[in-house]
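J.: Handing you a structure now.
The values are calculated or read from the model by the stated rules, or taken from the named source; none is laboratory data. All figures in this text were calculated on a predicted structure; none of them were measured in a lab. Heads up, the Cβs are rebuilt from the backbone with ideal geometry, glycines too, and the neighbour counts pull from every protein chain shown.
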Ligand code: NAP
């Protein structure tokens, strides 16, 4: 048996990250551009002490049961809804995630989607590329004001707070909804309200809560109907927090004016209606996708794995139930 722990890395990662791991692990990394099929992932993971995974790897009880040696899972994401923490806790498997390093880049992207949706950036670009721009007109591509309006942030945590800080530069009134009061609300000039109030009063709504049983379809037909017909909705959080079918219907019927989405139910497959409605800006889960941020995320996952291998405390552990 090898003296060093064995590690499976389910995605291509940056060379400097592999260099960081090399002294501590016997590792195998996916070098393909495709995910391994589920059966292959289970087979490859079966004899590993540690896994380096991402948000699209389903780390459920079946997988954990298939890996009798598994002691550590490092996910290169801040969200960990893809990992069965109860099953990990029962087996004494440690879990780490990557908070903070992606906060600012993801907040930037929330703003990119907010601006794109409000000011019809994608919609008008498609029209322009289609050769339809013949003249300038006063009433052409009228969007929604962002400056001086009310922003509702659902999930005033690390990323929500970074979104709020940016909103101050736009002279916005900031509402937020959390289960508990955010300690930084005074510094952010933000007011905590019930979800219903936030939806009713906001001109722009940004979702940045973790996905959980509690937040599944947090925004459905009823919530969309409660929003202003002039409002926009941004989901930078996780697929499944919005009922995508209900959103398609609301966008089609003009119950809200536009949306900006980075994440989807069943991604990378999209609800076909989302591809057909024009008033939605769509990006392929790239909230954290800047080079420095993605290297930072992968390196933090590696640091946690090295801590595991050397018996040091994990840098960013996730509590297992
Ligand atoms: P965080 O610091 O833990 O913030 C989450 C916030 O959501 C907290 O303020 C929490 O407050 C609130 N919250 C949790 N459950 C709630 C519920 N049921 N109802 C209302 N509020 C609730 O997390 P973060 O670092 O900001 O990240 C947030 C999420 O963004 C991640 O979990 C991840 O899924 C997503 N994300 C997406 C991308 C992307 O690429 N699109 C990138 C990074 C992160 P209370 O506990 O007081 O409720």
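J.: With over 23 Å from residue 289 (Cβ atoms) and crowded, with 21+ Cβ neighbours inside 10 Å as the only criterion, which of 153, 159, 174 stands out?
T.: 174
J.: Here's another thing I want to ask about it. From the residues in segment 68-78 that are buried (at least 20 other Cβ atoms within 10 Å of the Cβ) and more than 9 Å from the ligand (Cβ to nearest atom), which one is farthest from residue 290 (Cα to Cα)?
T.: 70
J.: Among the listed residues 215, 150, identify the single one that is modelled with pLDDT of 95 or more and away from the ligand (no atom under 16 Å from the Cβ).
T.: 150
J.: Could you pull out the residue among 103, 54, 75 that is touching a helix residue (DSSP H, G or I) at 6+ places or on another chain (Cβ under 6 Å) and within 30 Å of residue 166 (Cβ to Cβ)?
T.: Criteria check complete, one pass: 103.
J.: Name the residue, out of 57, 34, 49, that is more than 16 Å from the ligand (Cβ to nearest atom), under 30 Å from residue 159 (Cβ atoms) and either under 23 Å from the mean Cα position of the chain (by Cα) or in contact (Cβ under 8 Å) with a residue 40 or more places away in the chain (or both).
T.: Matching residue, one of 57, 34, 49: 34.
J.: Could you list all residues from segment 79-137 that are assigned to a helix (DSSP H, G or I), loosely packed, with under 15 Cβ neighbours inside 10 Å and without any contact (Cβ under 8 Å) to a residue 40 or more places away in the chain?
T.: Across segment 79-137, the qualifying residues are 90, 125, 128, 129.
J.: Sticking with this structure for a sec: Can you name the number of the only condition in (1) part of a helix (DSSP H, G or I); (2) surrounded by fewer than 23 Cβ atoms within 10 Å (Cβ to Cβ); (3) in contact (Cβ under 8 Å) with a residue 24 or more places away in the chain that residue 302 fails?
T.: All conditions are met except number (2).
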